[in-house]
Amino acid sequence: MLEVRGVRKSFGEVEVLRGVDLQVEQGDVVAILGPSGSGKTTLLRCMNFLETASGGELIFDGETFPMSHTSRKDIARLRRKTAFVFQNYNLFRNKTALQNVTEGLIVARKMPKAQALEIGRQALEKVGLSDRCDYYPNQLSGGQQQRVAIARAMATNPEIIYFDEPTSALDPELTGEVLAVMRQLAEEGMTMLVVTHEMNFAKQVSSQVVFMEHGVVAEQGASREFFLHPQQERTKAFLRTLSGEIR
Amino acid sequence: MNGEWWSLMADSFGKILIPGLTMTIPLTAISFSLALVIAVVVALVQFANVRVLKQAARFYVWVVRGTPLLVQLFVVFYGLPNVGILLDPFPAAVLVFSLNEGAYCSETIRAALESVPAGQMEAGQCVGMSYLQVIRRIVLPQALRTAFPPLSNSLIAMIKDTSLAANITVTEMFMVTQRIVARTYEPLILYIEVGLIYLLFCTVLTKVQSAVEKRMRTYG
Ligand SMILES: Nc1ncnc2c1ncn2[C@@H]1O[C@H](COP(=O)(O)OP(=O)(O)OP(=O)(O)O)[C@@H](O)[C@H]1O
Ligand SMILES: [Mg+2]
């Protein structure tokens, strides 16, 4: 369904992505792991054109897009099929929870307001926040904000949702509520690409794991295989450093 | 204070207050409204990096901020007739005040736009909105809220600056006061009186400002 080939990205002299290949099938939950600074965020941002890659191509539903020079129109079209959940939520600060969810429907997709509100309420209910519709982001806890952000992502009925460390800005006790929502989404068959440091999530929820290091994919495979029989030395070393967290 | 002063103050109070209400306040209100429109446009073309317009905006801000308001009033009112542009005092004052204030306010709004986290724009684009849609619905409203206190400050400064319009024969409060002084030879009492009326206007504005700020505190 979604594939990227040879993604490159440099910030000035520094080459952060050095030819990343990645494939996502419909219904996959792909976890992207890797040490800090390996380029995970940058990859995700390039895939949604928040950064312009220096090279590489993106294939979405059989259509190929050159990542360094995709037209604004194509980017807009692609973004309508995808959604992004940010590490720091990025809820619209001047909108209520419900408006955060409906904004993209009413403004970008020209959906009738009544229908958008209906979808918005359903999405918030699904993340357990139907009683917080009229709250502004600053009146919500971090975990609640992130759940609104996930509702906002779901509401547009995307083909894939990108998550960039959705729980790493949260206190441990709030992490669970967000992961539960993501787990539910995964069970419903949503295609997800998740950068995460949550090994339990990667082990239990993801179907595929991609391990990145120094701007390339060092190893990837089915989640089970990846954790049971890592192939690369680097992967083993990485998993060992995290073994404290893995039960 | 003797009784004569009191009666002079009482007599002149209405005479000064009326041009305040019919001239000073409309001049301020119209000029400031236009200034806000100019400021938003000038700030946005810079924020959005619109190529030629951005240079033009910087040039405008540079010239207006670098020259005295009084000089600008004189150039427009006494100078422009030389090239065939003859403006009545009031429109000339509105033109100068709105252009002048627009330059200052545009810097306030530009700074406020830049203070909106980049993530707001990114999130907006990720839900499918266009750049302009995100600006209009997400970024600009947040920026204007941030800019509200400094803009109120500018408005308060402006209501006092309109006294300069007396120099181009606008019959606003200060000019009327000068005329009464010329008749009565009581500069101390009358200039203090007009000062107090400015103070009254500014006090009302300050109260309105804090009331609005309190209402806006719901988010952010
Ligand atoms: N806007 C930028 N300008 C310059 N360098 C950047 C920029 N964004 C990222 N980098 C650099 O790119 C490298 C990869 O960053 P990236 O954020 O993609 O890493 P990451 O794998 O997401 O790390 P983490 O796990 O800490 O989030 C880092 O060395 C970082 O300093
Ligand atoms: Mg990151």
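The values are calculated or read from the model by the stated rules, or taken from the named source; none is laboratory data. Remember, predicted model here, so these are calculated numbers, not experimental data. Virtual Cβ from ideal backbone geometry, glycine too; neighbours counted across all protein chains shown. Accessible surface is based on the protein model in full, side chains and every heavy atom, while ligands, DNA and RNA are left aside. Shrake-Rupley method; radii C 1.70, N 1.55, O 1.52, S 1.80 Å.
Ranking A:125, B:193 by solvent-accessible area of protein heavy atoms (1.4 Å probe, all protein chains present), from largest to smallest, gives A:125, B:193.
If you take all other residues with their beta carbon under 14 Å from the beta carbon of residue A:93, and give Lys and Arg +1 and Asp and Glu -1, the sum is +3.
Peptide A:74-85 has a mean of 2 when you count, residue by residue, the C-beta atoms of other protein chains within 10 Å of its C-beta. Ranked by solvent-accessible area (1.4 Å probe, protein heavy atoms only, all chains present), the residues B:59, B:90 order from largest to smallest as B:59, B:90.
With R₀ fixed at 51 Å, the C-beta to C-beta distance from residue A:225 to residue B:51 puts the FRET efficiency at about 0.45.
Apolar share of the accessible surface for the range A:85-216: 44 percent from carbon plus sulfur atoms, 1.4 Å probe.
Once Rh for the range B:3-219 is found with the Kirkwood sum over Cα pairs, what is the Stokes-Einstein diffusion coefficient at 25 °C and 0.890 mPa s, in µm²/s?
Working: Rh = 19.4 Å.
For the chosen part, D equals 127 µm²/s.
Approximating the spin labels as points 7 Å out from Cα along Cα→Cβ, the residue B:214-to-residue B:130 distance works out to 4.2 nm.
When Cβ neighbours within 10 Å are restricted to other protein chains, what is their mean count per residue of peptide A:87-98?
Values: counts 1, 3, 2, 9, 3, 12, 10, 15, 5, 2, 0, 0.
Per-residue shielding by partner chains comes out at 5.
Solvent-accessible area of residue A:89, all protein chains in place: 30 Å² (probe radius 1.4 Å, heavy atoms, ligands and nucleic acids excluded). For the pair A and B, the buried accessible area comes to roughly 2000 Å² in total, with a 1.4 Å probe and the value rounded to the nearest 100.
Pairs spanning more than 20 Å between alpha-carbon atoms, out of A:9/A:40; A:73/A:113; A:9/A:236; A:40/A:95; A:95/B:207; A:9/B:54: A:73/A:113; A:9/A:236; A:40/A:95; A:95/B:207; A:9/B:54. Between residue A:157 and residue A:5, the C-beta separation translates, for a Förster distance of 25 Å, into a calculated FRET efficiency of about 0.40. Stretching residue A:232 away from residue A:207 to a fully extended chain increases their span by 7.1 nm, per 0.36 nm per residue minus the current alpha-carbon distance. The share of accessible area on chain B that comes from carbon and sulfur is 68 percent, using a 1.4 angstrom probe. Post the alpha-carbon centroid distance, the range A:1-55 to the range A:62-126, in whole angstrom. What the calculation gives is 21 Å, centre to centre.
Set the Förster radius R0 to 25 Å, insert the Cβ-Cβ distance between residue A:169 and residue B:115 as r into 1/(1 + (r/R0)^6), and round the FRET efficiency to 0.05. Kindly include the intermediate steps, with their values, before the conclusion.
Values: r = 21 Å, r/R0 = 0.82.
Here the calculated transfer efficiency is 0.75.
Spin-label pair residue B:30-residue B:7: with each label point 7 Å from Cα along the Cα-Cβ axis, the two points sit 3.9 nm from one another. Each residue, residue A:187 and residue B:182, gets one label point 7 Å from its Cα in the Cβ direction; the gap between the two is 8.7 nm. Shielding value for B:60-71 is 0, the average number of Cβ atoms from other chains within 10 Å of each residue's Cβ.
Each principal axis of the Cα cloud of chain A was evaluated for its coordinate range; sorted largest first, these ranges are 53, 45, 32 Å. Among B:74, B:174, A:84, the order of accessible area from largest down is B:74, B:174, A:84, computed with a 1.4 Å probe on protein heavy atoms.
Note on the protein assembly as shown: the alpha carbon radius of gyration divided by the globular reference 2.2 N^0.38 Å gives 1.33.
Residue by residue, the range A:14-31 carries 3J(HN,Hα) couplings of 7, 8, 8, 10, 10, x, 9, 10, 7, 10, 10, 9, 3, x, 5, 10, 9, 9 Hz when phi is fed to the Karplus relation 6.51 cos²θ - 1.76 cosθ + 1.60 (θ = phi - 60°); x denotes Gly or Pro. Residue B:41 sits with roughly 80 Å² accessible to a 1.4 Å probe, with DNA, RNA and ligands left out of the calculation. Solvent exposure of the range B:3-219, expressed per residue, is 51 Å² of accessible area, with all protein chains present and a 1.4 angstrom probe.
Working from Cα pairs under 8 Å separated by at least six residues, relative contact order for chain A is 26 percent.
Placing a label point 7 Å from the Cα of residue B:69 along the Cα-to-Cβ direction, the residues of the range B:175-215 with a backbone N closer than 15 Å are B:175, B:198-199, B:202. Working ranking of peptides A:62-75, B:129-142, B:93-106 by packing, defined as the average number of other Cβ atoms within 10 Å per residue, highest first, is B:93-106, B:129-142, A:62-75.
Can you give the extra length, in nm with one decimal, that the chain gains between residue A:21 and residue A:52 once fully stretched, where that is 0.36 nm per residue apart less the Cα-Cα distance? Please list the in-between numbers first.
On the way: separation 31, 0.36 × 31 = 11.16 nm, distance 1.64 nm.
Additional length available on full extension: 9.5 nm.
Using alpha-carbon pairs under 8 Å, 6+ residues apart, how would you state the relative contact order of the range B:3-219 in percent? Could you put the intermediate results ahead of the total?
Values: 201 pairs, mean separation 64.1, N = 217.
30 percent.
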